[in-house]
Amino acid sequence: MTTIVWFRRDLRLQDNPALHAAAARGPVLPVYIQAPEEEAEWPAGAAEQWWLHHSLQRLDEDLERLGLRLCLRRADDSGRELIELAARCGARRIVWNRRYEPAAIRRDRAIKASLRGAGLEADSYNAALLREPWDVKNKAGGPFQVFTPYWRHCLAAGDPPPPLPAPAQAAAPPEWPASLALDALGLEPRIDWARGIAAAWTPGCRGAWRRLDTFLTTAFEGYADRRNRPDLAGTSRLSPHLHFGEIGPREVFHAVGAAAARGQFGAAWRQSSFLAELSWREFAYHLLYHFPETPQEPLRAEFARFPWVDDPQGLSAWQRGRTGFPIVDAGMRELWATGWMHNRVRMIAGSFLVKDLLLPWTSGARWFWDCLVDADLASNTLGWQWVAGCGADAAPYFRVFNPTLQGRKFDPDGAYVRRWVPELAALPTAWLHAPWEAPAGVLTEAGIELGVTYPRPILDHDTARHRALEALARLKN
C-alpha cells in the first residue's frame, strides 16, 4: 500500500519520522505542495523562497539515491490535492511532520479530518522540536513564560530520544503522478539579487552537517565567550538549516553528545550555552503554541497602548543601513546581503528601531521576515518582543542599548563594521563606532565626508533614550 509523505519544513531523510514510518510500510510517494493557504498569514519572504528552491533541489537529489523522486504540485487546497493524489496513485495513507504556527495548526487539523473523512489513514509526527509544546508544563500545569525555569525543567526531564536514521531503502509507487518542474514554482528571483546569499550559504542537509561539524570542531568550546562577537566566527549559523528542517534539533543535541563522548568537550555539555540557545528556540515554539496571538499582539497586554510613532523616513534609514550608527548599519547591510544577521547585532538593531526611533516592533518583525533566510515565526516573534520589552522573559523596556558602546564592546577592533560599512574602513578604530566625534582632519584622511559619503546620525541617542523612557512612564500611568 502506497503512503504519501507530505514534505513541508522537514526537508531531510534522516530523523524524519513521517518518512521513516512510510518506508516501513511499503511504497512511498514524496510530495511537496505549493499552496497559498500554506503561508496564508505570513507568506514566505524573498530570501526564504530562494533558500526553499535550493533545499527542495537537494532533497530531490537525496530521494533519488533511495530510488524515489519528489513530486511537486501547486494547489489552492492542500487537503483536496492530497486526496486527489491518493486516488491517482492508489495510496491509502498520508503522513507528515507537524508545524506549529497557529494557521498551520488550524489547517492541519482540518486536513487530517478531511482525509479521514475520505477513508484515508492520516498521521502526523514531531520532527521539528525536542519536546512537544503541550508536554512541557510549569508546576501550576500551565505554560512557562520565563526561559530559565523552562530550561531547567527540560534538563530535568532527560535527553530527547535519539534521531532516526535515514531509510536504508524505500519502494517506489507503482506509478508516478505528474510533477511540476522546480522552476515552475517561481521561488528564485527573476533579478539576480541573491548572489550574496548564495555566496554565504549552502542549503541542504550536507550543508547543514558541514556547518555543524565545523562548529563542533572549531567553535563549540569557546561559544559562551565568542557568541556575542559579530567580528568572529563564534556561532553555529544553523538557524536556516533548522528552519527548513534540513537538520533536526534531536540530531544537533545528540551530535554534541557524541562529540563529548569522543572527548572534544567536558561532561557538562548538556548545560552548555549552545544547547541553551537550542532550548531558546524550543521556548519560542512553546510560547507561540500557547500564545498564538503574539505574532501580531504583545504578550504583555499593556504594551498594546504604547505610544509608537509614525516615522517612514526613520524606518527607511534603518532598513537601508543608513542611520549613521555604524554597528546598526553594518547589521542591516549584512541582513540585506546575506539574509542573516548576527544575534547580538539583531538585538542592537532591534533596540535602535523600537527605543531610539520609537517605531513599533511589528515593523521590525515584518522587515526581518522578508529579508531573513531563517525567517522563523516563533523565533522572530520571541526575539522582537524580547527586545521591545513586551513579551515573555523580555528585556526590561528601560534597558536601551547604546549602539556606540555596544559596537565598541562587541566589535572592538572594528572588523565587522569595516566589512559591512566599507566607506568607514580607513577610519581609525578609536573613532570607528562614533565617526561624528572624529576630528575633521581624521575624517578627511580617511576619505569620509559626513552627510555625503556616510550619513550623520539621524538622531541623538541620549535624547532618544530619554524620549523612550518618557513613553514608558506614560504607559505605566
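Counting only residues that are free of Cβ contacts under 8 Å to residues at least 60 places away in the same chain and part of a loop (DSSP other than H, G, I, E, B), which one in segment 154-168 is farthest from residue 23 (Cα to Cα)?
Here the answer is 157.
It is to be established whether one or more residues within segment 20-32 are modelled with pLDDT of 95 or more, crowded, with 20+ Cβ neighbours inside 10 Å and within 23 Å of residue 197 (Cα to Cα).
Checked segment 20-32: no residue is modelled with pLDDT of 95 or more, crowded, with 20+ Cβ neighbours inside 10 Å and within 23 Å of residue 197 (Cα to Cα).
Exactly one of these conditions fails for residue 171: (1) among the aliphatic types (A, V, I, L, M); (2) in a loop (DSSP other than H, G, I, E, B); (3) exposed (fewer than 14 other Cβ atoms within 10 Å of the Cβ). Give me its number.
(3)
Considering only segment 1-58, how many residues are farther than 17 Å from residue 165 by Cβ and among the small types (Gly, Ala, Ser)?
8
Six or more apart or on different chains, Cβ atoms under 8 Å: show the pairs whose first residue is in segment 395-416 and under 20 Å from residue 338 (Cβ atoms) and in the same structural domain as residue 350 (by TED's automatic domain parsing) and whose second is surrounded by fewer than 17 Cβ atoms within 10 Å (Cβ to Cβ) and not basic (Lys, Arg).
414/429
What are the residues in segment 1-57 that are out of contact with any Ser or Thr (no Cβ under 7 Å at 6 or more places or on another chain), assigned to a helix (DSSP H, G or I) and closer than 16 Å to residue 115 by Cβ, if any?
Across segment 1-57, the qualifying residues are 18, 21.
Report the residue count in segment 187-221 for those that are of a type in the set (A, V, I, L, M, F, W, C) and surrounded by fewer than 13 Cβ atoms within 10 Å (Cβ to Cβ).
Here the count works out to 2.
Restricting to segment 459-470, and then to whatever is out of contact with any Lys or Arg (no Cβ under 8 Å at 6 or more places or on another chain) and hydrophobic (A, V, I, L, M, F, W, C), can you tell me which residue is nearest to residue 313 (Cα to Cα)?
In this case the residue turns out to be 459.
Can you tell me which residues in segment 71-113 are of a type in the set (Val, Ile, Thr) and out of contact with any helix residue (DSSP H, G or I) (no Cβ under 7 Å at 6 or more places or on another chain)?
Of everything in segment 71-113, just one residue is of a type in the set (Val, Ile, Thr) and out of contact with any helix residue (DSSP H, G or I) (no Cβ under 7 Å at 6 or more places or on another chain), namely 105.
Here are some conditions: (1) surrounded by 14 or more Cβ atoms within 10 Å (Cβ to Cβ); (2) under 21 Å from the mean Cα position of the chain (by Cα); (3) not assigned by TED's automatic domain parsing to the domain that holds residue 33. Residue 48 meets all but one. Which one does it not meet?
In the conditions (1) surrounded by 14 or more Cβ atoms within 10 Å (Cβ to Cβ); (2) under 21 Å from the mean Cα position of the chain (by Cα); (3) not assigned by TED's automatic domain parsing to the domain that holds residue 33, residue 48 misses (3) alone.
Go through segment 272-342 and tell me which helices (runs of 4 or more DSSP H), entirely inside it, have 3 or more residues that are hydrophobic (A, V, I, L, M, F, W, C) and assigned by TED's automatic domain parsing to the domain that holds residue 137.
273-290
Just for segment 86-100: of the residues that are modelled with pLDDT of 95 or more and assigned to a loop (DSSP other than H, G, I, E, B), which one is farthest from the chain's Cα centre (by Cα)?
98
Confirm whether residue 83 is more than 31 Å from the chain's Cα centre (by Cα) and either not in a helix (DSSP H, G or I) or not hydroxyl-bearing (Ser, Thr, Tyr) (or both).
yes
Name every residue in segment 395-439 that is over 24 Å from residue 364 (Cβ atoms) and not in a helix (DSSP H, G or I), in order of residue number.
Within segment 395-439, 412, 413, 414, 425, 426, 427, 428, 438, 439 qualify.
Which is on the phi < 0 side of the Ramachandran plot, surrounded by 18 or more Cβ atoms within 10 Å (Cβ to Cβ) and basic (Lys, Arg), of 152, 80, 98, 74?
98
Is segment 442-456 home to any residue that is at pLDDT 95 or above, charged (D, E, K, R) and either in a helix (DSSP H, G or I) or surrounded by 23 or more Cβ atoms within 10 Å (Cβ to Cβ) (or both)?
For segment 442-456, residues at pLDDT 95 or above, charged (D, E, K, R) and either in a helix (DSSP H, G or I) or surrounded by 23 or more Cβ atoms within 10 Å (Cβ to Cβ) (or both): present.
Kindly indicate which of 392, 378 is under 24 Å from the mean Cα position of the chain (by Cα), outside any helix (DSSP H, G or I) and surrounded by 18 or more Cβ atoms within 10 Å (Cβ to Cβ).
None of the others qualify; the one that does is 392.
In segment 459-470, is there at least one residue being touching a Pro at 6+ places or on another chain (Cβ under 9 Å), modelled with pLDDT of 95 or more and within 17 Å of residue 400 (Cα to Cα)?
Among the residues of segment 459-470, at least one is touching a Pro at 6+ places or on another chain (Cβ under 9 Å), modelled with pLDDT of 95 or more and within 17 Å of residue 400 (Cα to Cα), which makes the answer yes.
The values are calculated or read from the model by the stated rules, or taken from the named source; none is laboratory data. Every value quoted in this text rests on a predicted model; they were computed, and no experiment measured them. Glycine gets a Cβ as well: all are built from the backbone with ideal geometry, and neighbour counts include every protein chain shown.
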